[in-house]
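Everything below concerns the one structure shown next.
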Amino acid sequence: MAEFFSNYGLFVAELLTLAAIVVVVALVVAAAAKRGGSQDGLTVEHLNKRFERLGDTLKRVAEGVQQGKRTEKQRRKEYKRVAKMGSDRQRIFVIEFKGDIRASATASLREEVTAILAAARDDDEVLVRLENSGGMVHEHGLAASQLLRVKARQLRLVVAVDKVAASGGYLMACVADKILAAPFAIIGSIGVIAQLPNFHRLLEEKGVDFEQVMAGKFKRTLTVFGENTDEAREKLKDELEEVHRLFKHEIGVHRPQVDLERIATGEHWYGVKALELDLIDEIMTSDDYLLSAASDRDIYSVSYKRRRTLPERLMSGAETLLSR
């Protein structure tokens, strides 16, 4: 009887686990479908107006409705004048980049940069609000190359890090003319890592053979199921060291003031310490930077929405679930 209840308990546990997995997958698919439902297209928002609307809401309460109405009336007149005559004030174009392992936001970033370069004047500026913990080297290298297009056009490029710019995220940030960071933003992690499990001994114990046929000595170095050799490990280590050298070279080109040997250890630092190490230029949040600039410059948020495929939405949902 005890064995029956034990087996029954295991069966119920397995059933509940399977049900939980089904529910999680369904929620991920639903969330991914919801996020991916919008059409392709560029969205531009005049952030000065947003800031003013927020201020007006508070002023109506603090200063009275009549005073608020007078302020809004004056502002509407100014908006009509600008719409008719145009504005010669310097402009800041704001891009939001929230990174993941595959830097999937790069597809939108390239469209946003293209739109800005098509419309920008020589004295305009681009601000990238960057939140990126790093990931695949080639994907983040492409994202950094998109930001270099702004520099090639000789527009001022500012990167603001409110939360994190680490590893591939810092590879993107370092190309900027100026890097801002919040006091507790995570900066750095200038290193390269590769890791994977190996089930060779387990398969060998179970009498399972793993066959792998290659043309090219180093087509594959380490493997998950086969027996790894010291030669393969050393080859992968050499490849990682080469990527690390390229990473350090990019930082040296764009931020020659940093001590590469000091900062290229794979460590990360908070904003205040990163300032001491010359990894950033100023302690400031993106909000403070934009609000201070709004008094004499026109600020536009530029966002490109791209319809993602179902596999992309599923992968994004899975990555979000894992990160949580």
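For segment 112-186 versus segment 209-241, the spacing of their alpha-carbon centroids is 35 Å. Amide H contacts of N132 (H built 1.01 Å from N, in plane; Pro and chain starts excluded): G99, V164, A165, A166 sit under 5 Å, all sequence-distant by 5 or more or on other chains. Label positions at D56 and V224, each projected 7 Å from the Cα along the C-beta direction, are separated by 5.6 nm. Applying the Karplus relation 6.51 cos²θ - 1.76 cosθ + 1.60 with θ = phi - 60° to segment 198-203 yields 3J(HN,Hα) values of 9, 9, 4, 5, 5, 5 Hz, where x marks Gly and Pro.
Just so you know, all these numbers are worked out from the coordinates, no wet-lab data involved. It should be emphasised that the depicted structure is a prediction, and the values quoted were computed from it without experimental measurement. Positions of Cβ are backbone-derived with ideal geometry, glycine not excepted, and every protein chain shown enters the neighbour counts.
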